[in-house]
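Inspection log for the structure reproduced underneath, given as structure tokens.
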Amino acid sequence: MIIGKVVGSVVSTRKSEKLIGNKFMIIEPIHQMKGGLSQESRQESRIVAIDIIGAGIGEYVLVAQGSAARIGCGMEDAPVDAAIVGIIDDGAGLE
Amino acid sequence: MIIGKVVGSVVSTRKSEKLIGNKFMIIEPIHQMKGGLSQESRQESRIVAIDIIGAGIGEYVLVAQGSAARIGCGMEDAPVDAAIVGIIDDGAGLE
Amino acid sequence: MIIGKVVGSVVSTRKSEKLIGNKFMIIEPIHQMKGGLSQESRQESRIVAIDIIGAGIGEYVLVAQGSAARIGCGMEDAPVDAAIVGIIDDGAGLE
Amino acid sequence: MIIGKVVGSVVSTRKSEKLIGNKFMIIEPIHQMKGGLSQESRQESRIVAIDIIGAGIGEYVLVAQGSAARIGCGMEDAPVDAAIVGIIDDGAGLE
Amino acid sequence: MIIGKVVGSVVSTRKSEKLIGNKFMIIEPIHQMKGGLSQESRQESRIVAIDIIGAGIGEYVLVAQGSAARIGCGMEDAPVDAAIVGIIDDGAGLE
């Protein structure tokens, strides 16, 4: 898994019917947020994950990728390759 | 998933028979399009995805990768590792 | 697999119920720890892995990623994409 | 999928018996071939793919990676993680 | 698959019982060994693979990654994500 910060969400009306009802959160992996990296570099790494936990913008989360996102979230048949699977209790010190 | 912009398509006449009937769209991940990255860097990240939604060139899309593309799009037996699974309602502000 | 050093752990109270009971260890891949790379670069590569072996902070471990972590650790249905699957006997010389 | 150029092949006599009869082609992803990248950078990205289509050296091809290569090519039990699954009709303009 | 050079091995006494009996070889992907890349960069890319062929240190090998390593090597239930699946007949010219 990676740790990321929820920085936003996207809306998609025309999508696979298997995705209906899901929220698509934009995740910025936090280990790429150090001052030594430029703003551009950070944005490169963003991914979109569905949210089965109910994370809010600004929270630090655990994101599972690959088949783990699909199968581990009970969406075996959905085109999902990343999911928020936990919220970090205290993100202080992670950045 | 990643967010990408559809920038073109490719044609392949000689291909796996399991791919017949699919469109192959060239996707440029949008979080790599900031001015701070050179033109060369952007092109590095391009991928080819099948399109089950009907996206047009210039649209911003959600792309699922890995087994999610194959299984999530009902093509369990096809050699597909990336698929457009949604069109972003408003891509403004993403670049 | 990759070799990594266990550098910490994270706590997540609100998480997928399939993850309850697991420890989440922060892993720093050791082949990215050479002096030639900046501190920022090292942090970019960190991943979070569950631990089925009982590794301690500071130990060098083998980490399996992808479906191997889930299926190889008997957690077929859990949203897990990385797991510590062995502890290196002697990490000296690896950095 | 990615688009690559077939730049060579490798021979392996001692190999998994499940790989017998396959050709191993060396693929250079074309979106990494721009003049702005050094020769070294290009070589970093090369992968080896089996060929189920019959591509020749110099041709531009679609390469599927991951489980798509194995399952999509009818080689469920073989240790294959990349396969040429189509030949691009006209590679002009891709580099 | 990627082509790599076997540069060493690691020993792990405390490991998943499903890994008992396997050798863990350290692989350096050869397309990252050009003079233009620094020593540090090379080491970043090293991976650990099990060896089902019997490769020796210094040999050039084909490495399969992901589920192909696990399923293609008859270790469906083991936490393995990389395997040496062939030895290149003649590595001359690859570096």
Scope segment E:1-24; condition open to solvent by 80 Å² or more (accessible area, probe 1.4 Å), aliphatic (A, V, I, L, M) and within 7 Å of chain C (Cβ to nearest Cβ); matching residues: E:11
Residue tally, condition touching a helix residue (DSSP H, G or I) at 6+ places or on another chain (Cβ under 9 Å) and outside any loop (DSSP other than H, G, I, E, B), over segment C:86-95: 1
Hey, residue B:93 at pLDDT 95 or above and on the phi > 0 side of the Ramachandran plot or not: no
Some residue of segment E:74-85 being part of a loop (DSSP other than H, G, I, E, B), away from chain C (no Cβ under 12 Å) and without any contact (Cβ under 8 Å) to a residue 24 or more places away in the chain: yes
Selection count where residues are charged (D, E, K, R), within 22 Å of residue A:45 (Cα to Cα) and modelled with pLDDT of 90 or more, scope segment C:1-45: 1
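For segment A:50-62, indicate whether the set of residues that are more than 7 Å from every other protein chain (Cβ to nearest Cβ), part of a strand (DSSP E or B), over 19 Å from residue C:23 (Cβ atoms) and modelled with pLDDT of 95 or more is non-empty. Steps first, please.
Taking segment A:50-62 as the starting set, the residues that turn out to be more than 7 Å from every other protein chain (Cβ to nearest Cβ) are A:50-51, A:54-61.
Restricting the remaining residues to those that are part of a strand (DSSP E or B) gives A:50-51, A:60-61.
Among the residues that remain, those that are also over 19 Å from residue C:23 (Cβ atoms) are: A:50-51.
Filter again for modelled with pLDDT of 95 or more, leaving A:50-51.
Among the residues of segment A:50-62, at least one is more than 7 Å from every other protein chain (Cβ to nearest Cβ), part of a strand (DSSP E or B), over 19 Å from residue C:23 (Cβ atoms) and modelled with pLDDT of 95 or more, which makes the answer yes.
The values are calculated or read from the model by the stated rules, or taken from the named source; none is laboratory data. If you're wondering where the values come from, they're calculated on a predicted model, not measured in any experiment. Every residue, glycine among them, receives a Cβ derived from its backbone with ideal geometry; neighbour counts consider all protein chains shown. Areas reflect the complete protein model, heavy atoms only, side chains present, ligands, DNA and RNA absent. Shrake-Rupley method; radii C 1.70, N 1.55, O 1.52, S 1.80 Å.
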